[in-house]
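Supplied in C-alpha cells, the structure appears directly below.
The values are calculated or read from the model by the stated rules, or taken from the named source; none is laboratory data. Everything numeric in this text was worked out from a predicted model, so none of it was measured. Cβ placement follows ideal geometry from the backbone for every residue including glycine, while neighbour counts extend to all protein chains displayed.
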Amino acid sequence: MSDLGKIDRQFFESRIAPNLGAERDDVALGPSHGVDFGVIDVGGRALVTATDPVSIPPALGLERAARFALDLILADVAVSGVPPSHLSICFTLPETMSDEAFATVWETIHEECADLGVAVVTGHTARYSDPSHPWVGAATAMGVGDHADIVRPDGARPGDRLLLTTGPAVESVGLLSTLFPEALGLPDDVIADAQERLEEVHCVRDALTAAAAGPARAMHDVTEGGLAGALNEMAAGAGARFEIDRAAVPMRPGVADVCEHLEIDPWAATSCGSLVIAVDPEGVDAVREALEDRGTVVAEIGRVEADEDGDGTVAVDGEVLEHPRGDPSWDAYAELAERQT
C-alpha cells in the first residue's frame, strides 16, 4: 500500500520531472519538488500559478471550511511574494451536498476573494455519485508581477536569518481536535486550546506582508511533512545549511498536548498557516514588526550558513534533522475517524 499524502521526492524526480509535456521557452519555473508554484513569462511579466485540491470538511462549519480551503489554495501563489489575483476553481460535489450548503461555501469564497482582490475567472461545478467530503474539487490560483520581485522557496543565502510564523502542527492539531474532540479523550481545556488553533491557519496575508516588508529571500508554507519537511526542502533547494535553535520555535497552546497524546512528532505534521521565511539580516526587524502588527506570532528560529557539499542540510541544536518519510497527521486522522464511528 502506498503512503498517504504527497508522493515522495524519489518518485517525483524519476517519474514526474522527466515527463512534463512540451518544452516551452516561456516556462520560467516549472515543477520542482518542494516548490509550490510555477512561473510563466507573458510578454516580460511573470504569471505565477499554483494548483491545489479543495477540501471542505462540513464539521468545521461551512463558512470556516471554505475560508480555510481558499487560503490553502491562494497561499502557494502568495509565498512567491506576488499577490494572487485570479482563481479557476472546480467543484466535484457529493450528491448529499444541498444547493443551500454549496451556496454558503460559494458566497464565503466570493467574499474572501473580493477582500483579497482575487477574481474568479472560470470553473466547473457539478454533483457526482462517488465523491465524498472533504475532497470536493481542485483550483488553480494565479498572480501577475515582475520576475525580479518573485520570492522563491529555494532562494535562501548564507547569512540570512530564519523566521517562523505561528509554529508547528497548528493545522493538524486544530483540525483533529475540532473534527474528533470526543475520540481524543483529552481534558476540555486542552481541547479548547487546540480548537482555537484553527483561527491561526491563514497565511496569505502574512506572506504578502512579509514580502512587502522584506527583503525576504525565500518563503515556504509548512504543509505536508511539517516544519521538518519545509526546512529540508528550503535548505536542499538553496544548497545551504540551516542551523535551527529548537528552543526558539514557538509552540502554540494545545499543540504539544495533542501531539504527545497521539504520539506524533509536531515537527513532521502539516501546519498550513505557518511560514518559514529566510530574510536578509537588515530586514529581520521590519518583517517581524510588520507581522506582529497583524497579530501574527513570529519568532527568529535560526540562520542560513554555507554548506560545503552543497546538498542542503538542516541541523537542530547541532543534530541533523531528516526530511520526514510521511506526515503523521494522516494516520492520526484515520485512527480518530475509526474511533469516533
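If you take the residues of segment 310-328 that are in contact with a strand residue (DSSP E or B) (Cβ under 9 Å, 6 or more places away or on another chain) and in a loop (DSSP other than H, G, I, E, B), which of them is modelled with the lowest pLDDT?
Keep residues of segment 310-328 that are in contact with a strand residue (DSSP E or B) (Cβ under 9 Å, 6 or more places away or on another chain), which gives 310, 312-318, 320-323.
In the following step, the residues that additionally are in a loop (DSSP other than H, G, I, E, B) were identified as 310, 312, 317-318, 321-323.
On the way: 310: 85, 312: 93, 317: 97, 318: 95, 321: 97, 322: 94, 323: 92.
The qualifying residue modelled with the lowest pLDDT is 310.
Can you name the residue in segment 105-132 that is at pLDDT 95 or above and assigned to a loop (DSSP other than H, G, I, E, B) and, of all such residues, is nearest to the chain's Cα centre (by Cα)?
118
Between a first residue in segment 6-17 that is surrounded by 13 or more Cβ atoms within 10 Å (Cβ to Cβ) and a second residue that is part of a loop (DSSP other than H, G, I, E, B) and acidic (Asp, Glu), which pairs have beta carbons less than 9 Å apart while being 6 or more apart in sequence or on different chains?
6/224; 6/327
Looking at 176, 186, which one is touching a residue at least 12 places away in the same chain (Cβ under 8 Å), farther than 30 Å from residue 95 by Cβ and either touching a helix residue (DSSP H, G or I) at 6+ places or on another chain (Cβ under 9 Å) or not β-branched (Val, Ile, Thr) (or both)?
186
Residue check, residue 212 against (1) part of a helix (DSSP H, G or I); (2) surrounded by fewer than 24 Cβ atoms within 10 Å (Cβ to Cβ); (3) within 15 Å of the chain's Cα centre (by Cα), all met but one. Which one?
Unmet for residue 212, out of (1) part of a helix (DSSP H, G or I); (2) surrounded by fewer than 24 Cβ atoms within 10 Å (Cβ to Cβ); (3) within 15 Å of the chain's Cα centre (by Cα): (3).
Residues in segment 288-295: is at least one at pLDDT 95 or above, closer than 24 Å to residue 59 by Cβ and assigned to a loop (DSSP other than H, G, I, E, B)? Steps first, answer last, please.
Start the filter on segment 288-295 by keeping residues that are at pLDDT 95 or above, which leaves 288-295.
Cutting the leftovers down to closer than 24 Å to residue 59 by Cβ gives us none.
So far as segment 288-295 goes, no, none of its residues is at pLDDT 95 or above, closer than 24 Å to residue 59 by Cβ and assigned to a loop (DSSP other than H, G, I, E, B).
I would also like to ask the following. What is the residue count in segment 25-50 for residues that are more than 10 Å from residue 147 (Cα to Cα), of a type in the set (Val, Ile, Thr) and touching a helix residue (DSSP H, G or I) at 6+ places or on another chain (Cβ under 8 Å)?
Of the residues in segment 25-50, 2 are more than 10 Å from residue 147 (Cα to Cα), of a type in the set (Val, Ile, Thr) and touching a helix residue (DSSP H, G or I) at 6+ places or on another chain (Cβ under 8 Å).
Return a yes/no flag: does segment 78-101 have any residue that is assigned to a helix (DSSP H, G or I), without any contact (Cβ under 8 Å) to a residue 60 or more places away in the chain, in contact with a helix residue (DSSP H, G or I) (Cβ under 8 Å, 6 or more places away or on another chain) and not hydroxyl-bearing (Ser, Thr, Tyr).
Yes, there is a match, as at least one residue in segment 78-101 is assigned to a helix (DSSP H, G or I), without any contact (Cβ under 8 Å) to a residue 60 or more places away in the chain, in contact with a helix residue (DSSP H, G or I) (Cβ under 8 Å, 6 or more places away or on another chain) and not hydroxyl-bearing (Ser, Thr, Tyr).
Would you point out which residue out of 235, 218, 228 is assigned to a helix (DSSP H, G or I), in contact (Cβ under 8 Å) with a residue 24 or more places away in the chain, among the small types (Gly, Ala, Ser) and in contact with a strand residue (DSSP E or B) (Cβ under 7 Å, 6 or more places away or on another chain)?
It is 235.
Quick check on segment 222-236. Is at least one of its residues more than 13 Å from residue 163 (Cα to Cα) and surrounded by fewer than 19 Cβ atoms within 10 Å (Cβ to Cβ)?
No, because not a single residue in segment 222-236 is more than 13 Å from residue 163 (Cα to Cα) and surrounded by fewer than 19 Cβ atoms within 10 Å (Cβ to Cβ).
Still on this structure, I have one more. Hey, any hits in segment 310-333 for a residue that's of a type in the set (D, E, K, R) and within 26 Å of residue 186 (Cβ to Cβ)?
Looking for residues that are of a type in the set (D, E, K, R) and within 26 Å of residue 186 (Cβ to Cβ), one finds at least one in segment 310-333, hence yes.
Scanning segment 67-92 for residues that are among the small types (Gly, Ala, Ser) and closer than 12 Å to residue 203 by Cβ, which turns out surrounded by the fewest Cβ atoms within 10 Å (Cβ to Cβ)?
The residue in question is 75.
Is at least one residue of segment 183-202 part of a loop (DSSP other than H, G, I, E, B), under 18 Å from the mean Cα position of the chain (by Cα), not assigned by TED's automatic domain parsing to the domain that holds residue 72 and not charged (D, E, K, R)?
Within segment 183-202, the subset part of a loop (DSSP other than H, G, I, E, B) is 185-187, 201-202.
Subsequent filtering for residues that are under 18 Å from the mean Cα position of the chain (by Cα) retains 201-202.
Add one more test, that the residue is not assigned by TED's automatic domain parsing to the domain that holds residue 72, and what stays is 201-202.
Now narrow it down to the ones that are not charged (D, E, K, R): 201-202.
Yes, segment 183-202 has at least one match.
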